[in-house]
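One structure is given here, and the rest of the page talks about it.
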Amino acid sequence: MILAWVNDICETIQSFVGGMRTTAHYFVENLRDEGGATAVTRQYPEHAAEVIGDRSRGHLVNDADRCIVCHACDKACPVDCFAMDGERDGNNKMRASRFDIDLSKCIYCGLCVRACPTGSLSMTTGFQVDPREAELGRYLFRRSTPQLDMRLDAIEIERLRGLANTPREELAPADRDWLDEHVDPAGRHLIGIFGLGYFTPEQKAAADAEREAKKKAKDAAAAAAKAKAASPGGESAQRQGEPGR
């Protein structure tokens, strides 16, 4: 009991001496104006960073045209900051009709970038997460909780990006009201909207019809090839007439 008490006192003294040694080291550097004392503290955001490393993890972005909506990033994300949906286009390929990144949750670990099989996810060197930032401002929006479940088709996505990046005083009253329904400047969620937008009913019908037409044409071509091979003068007959058959 006494030995443990003495040991605690000794550890406390050692920690105190170590801390004071570090403090004294920097104190001497300050007096000599060298070492750490010469470092300049930049006041952000008044003074922007001058040099940013190539491996820095800034904005997390998604190239929607390359995304196949496989959910690999969603599974790798430890904080559940992704929301995505997909649709099939006329070529029967998946497209990201919705791909939202809640940057209010993102911890910039980069695990999603490693998990992405198509390389559509990347982290830029830009670190200022602000919808007004020119680099990616057209993709970033402040939204309230009820706005997160709004379904935006492709036309509405383009309208949202256009209106949100136009000075408010230049907007028509109808556009201003529509924008207020979809974007909240004081919203607690900073959302990166990188999806292509849902198909409208007309676009969906056209994509479905195109896909069905291509499927029928492919099936018809396969049936014709099979019938030709099975005909008396077809490939099967030719094979039977070959020597050794």
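FYI, it's all coordinate maths here, none of it is from the lab. Source: prediction; values computed, not measured. We place every Cβ from the backbone using ideal geometry, glycine too, and count neighbours over all the protein chains shown.
Things to note:
- At full extension, T23 and E212 could sit 60.6 nm farther apart than now, given 0.36 nm per residue minus the alpha carbon distance.
- Listed residues G162, G119, G19, most fluctuating in the chain (Gaussian network, C-alpha, under 10 Å): G19
- Along the range 204-215 the Karplus relation, 6.51 cos²θ - 1.76 cosθ + 1.60 evaluated at θ = phi - 60°, assigns HN-Hα couplings of 5, 4, 5, 5, 5, 5, 5, 5, 5, 5, 5, 5 Hz to successive residues, with x for each Gly and Pro.
- FRET efficiency for S15 and R138, using Cβ-Cβ distance with R0 set to 41 Å, rounded to 0.05: 0.20
- Cβ-based exposure ranking for F199, F27, in which fewest neighbours within 10 Å come first: F27, F199
- Helix axis angle, 173-182 relative to the chain longest principal axis, alpha carbon, degrees: 80 degrees
- Least to most buried among V28, V51, V113, V69 (fewest other Cβ within 10 Å first): V51, V28, V113, V69
- The chain, relative contact order [Cα under 8 Å, separation at least 6], %: 20 percent
- Relative exposure of W178, W5, judged by other C-beta atoms within 10 Å (fewest first): W5, W178
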